[in-house]
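Data block below; observations after.
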Amino acid sequence: LLFSKPQLVATPFLILLGRRRWRDLGLALITIALLCLLSLAVVGFEGMRAYIDISRRAAGGEDYLHIQPEGMHNLRALAYFFFSPPWRDAIWWAATIAVMALILVRSWGKGEARTISLTEWITILVGLILVTPHLHSHDLLLLIVPTAYALKWAGDTVLPLLSLALVGIGILPLINTVAYSHLPPLLPIALLMVLGADLRHATKHSVSSH
């Protein structure tokens, strides 16, 4: 996923932290530090300052860059569509932190082997997609991975309801493209429903196990 969307780089650290893979986490941090030093050696301090400046402007949704955050398919799109500038960034960050906390919890694993089930992986991957700060229609290839997990979880016989749900999720971005600015971002709403259903199921399972 990182090859397609480098902005997801922070989330694998959450997974390593949740699984308490301290050695792997340390190696990942060392690798990131070495890559940062390499980037600094290649572009220099001036290039880094220019990159940070354009990243700051992109994060702010500057019109000059033609980013149009409300046309994306993530939490940021929902915040920018429904809320005005004084509140939208704060709400976006609050929702992002909440989803990242859910990713951390779902990556905690069960038992001594700290295994992660298929449904937990689906939640983690859907959460990754939602918290990505820039997610345009061409980035939705990321959905291939959680879709593959969902089909594997379904087994040899896929229920019609699951098939229709996957097809519907695939159509939602097209609807938003055709009716841009008239409809809220439909895909992140659907993905939040997936997270909500998983959270409800996990809560019921936790209550019944006690």
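Numbers for the structure displayed
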read-out: Tally, over segment 147-183, of residues that are under 19 Å from Leu78 (Cβ atoms) and surrounded by 14 or more Cβ atoms within 10 Å (Cβ to Cβ); value: 4
read-out: Tabulated pairs, segment 82-104, first within 18 Å of Met72 (Cβ to Cβ) and part of a helix (DSSP H, G or I), second open to solvent by 50 Å² or more (accessible area, probe 1.4 Å) and of a type outside the set (Gly, Ala, Ser), C-beta under 6 angstrom, 6+ apart or interchain; value: Ile91/Phe83
read-out: Residue list for segment 43-79, restricted to those being hydrophobic (A, V, I, L, M, F, W, C) and modelled with pLDDT under 85; value: Val43, Phe45, Met48, Ala50, Ile52, Ile54, Ala58, Ala59, Leu65, Ile67
read-out: Test: Ser39 is modelled with pLDDT of 70 or more and in contact with a strand residue (DSSP E or B) (Cβ under 9 Å, 6 or more places away or on another chain); value: no
read-out: Filter pass, Val126 being among the β-branched types (Val, Ile, Thr), out of contact with any Gly (no Cβ under 7 Å at 6 or more places or on another chain), under 29 Å from Trp22 (Cα atoms) and crowded, with 19+ Cβ neighbours inside 10 Å; value: yes
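The values are calculated or read from the model by the stated rules, or taken from the named source; none is laboratory data. If you're wondering where the values come from, they're calculated on a predicted model, not measured in any experiment. Quick reminder, even Gly has a Cβ in these numbers, built from the backbone with ideal geometry, and neighbours come from all protein chains shown. Just so you know, the surface numbers come from the protein's heavy atoms only, side chains and all, with ligands and any DNA or RNA stripped out. Shrake-Rupley method; radii C 1.70, N 1.55, O 1.52, S 1.80 Å.
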